[in-house]
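Visitor: So that we are looking at the same thing, I have put the structure below in structure tokens.
Bear in mind that the values in this text are calculations on the coordinates, not laboratory data. The shown structure was predicted, so the numbers you read here are calculated from the model rather than taken from an experiment. Quick reminder, even Gly has a Cβ in these numbers, built from the backbone with ideal geometry, and neighbours come from all protein chains shown.
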Amino acid sequence: MDAISRVAQSQYDHPFKFFLVHESQPNAFATPGGNVYVVDSLLFFVKNTEQLAGTLCHEVSHTIHRDAMNRIKKEQKIEALEVGTTILLGPTVAKAIAIKIIGDLNSLAYSREIESRADVSGSDICAQAGYNPWGLVWLFKEFQDADTKQIPQLLSDHPANGTRMQTLEQHFRDNPAVFSKFNPDPKSATAFTVPKDAPVVFLRP
Ligand SMILES: [Zn+2]
């Protein structure tokens, strides 16, 4: 984690902070300002250090690209739209529509392009920090094999698909100077166990 922050910090103007959050759905997300949240149940889902590092590098990249900030700006545009609709439809109907749209937006995943961009620059950060960037590819493979009922939120937030794996593997092939030294075989992974004294933050009461 320290190695990842050190590499990522030069690309972002606020200090990165990592939080462990208690939620039932395994997930990880980043908010503007440099906070990265990892849900504790994700720590039981990831099989090795490389997968966890890949997830953190991906989230840190969203922050560097200001993806969450851009999404909030988009939502504010919709609130501005709501004011116009209020005049046309009357307050109750307009508000109901706006709540529905904003609710959908919150649950809406980033586009595949934004996700792939975070995957690729995340793999650069992981490689520079000394973590095998194949960890994210291994994690995607596991999403594909996993029971979808078990990880719906993670999948909706990070649509795992062949395209994202292919984009990453192509990026590895295109930059052999950086990536050829890393072993693509998941058998080379470092076993990961959750530290018993890990501090947990509760976002909801
Ligand atoms: Zn993402």
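Visitor: Count the net charge of all other residues whose Cβ sits under 13 Å from the Cβ of Trp134, scoring Lys and Arg as +1 and Asp and Glu as -1.
Guide: It works out to a net charge of 0.
Visitor: Quickly rank 27-33, 58-64 as a protection proxy: mean count of other C-beta atoms within 10 Å, highest first.
Guide: Highest mean packing first, the order is 58-64, 27-33.
Visitor: Additional query: What is the sum of charges around Lys17, taking Lys and Arg as +1, Asp and Glu as -1, for the other residues whose C-beta is under 15 Å from the C-beta of Lys17?
Guide: Residues close to Lys17 contribute a combined charge of -2.
Visitor: How much length, in nm to one decimal, is gained on full extension between Ile114 and Lys141, taken as 0.36 nm per residue of separation minus their Cα-Cα distance?
Guide: 7.8 nm
Visitor: What is the sum of charges, Lys and Arg at +1 and Asp and Glu at -1, for the other residues whose Cβ falls under 15 Å from the Cβ of Val60?
Guide: Cβ neighbours under 15 Å give a net charge of -3.
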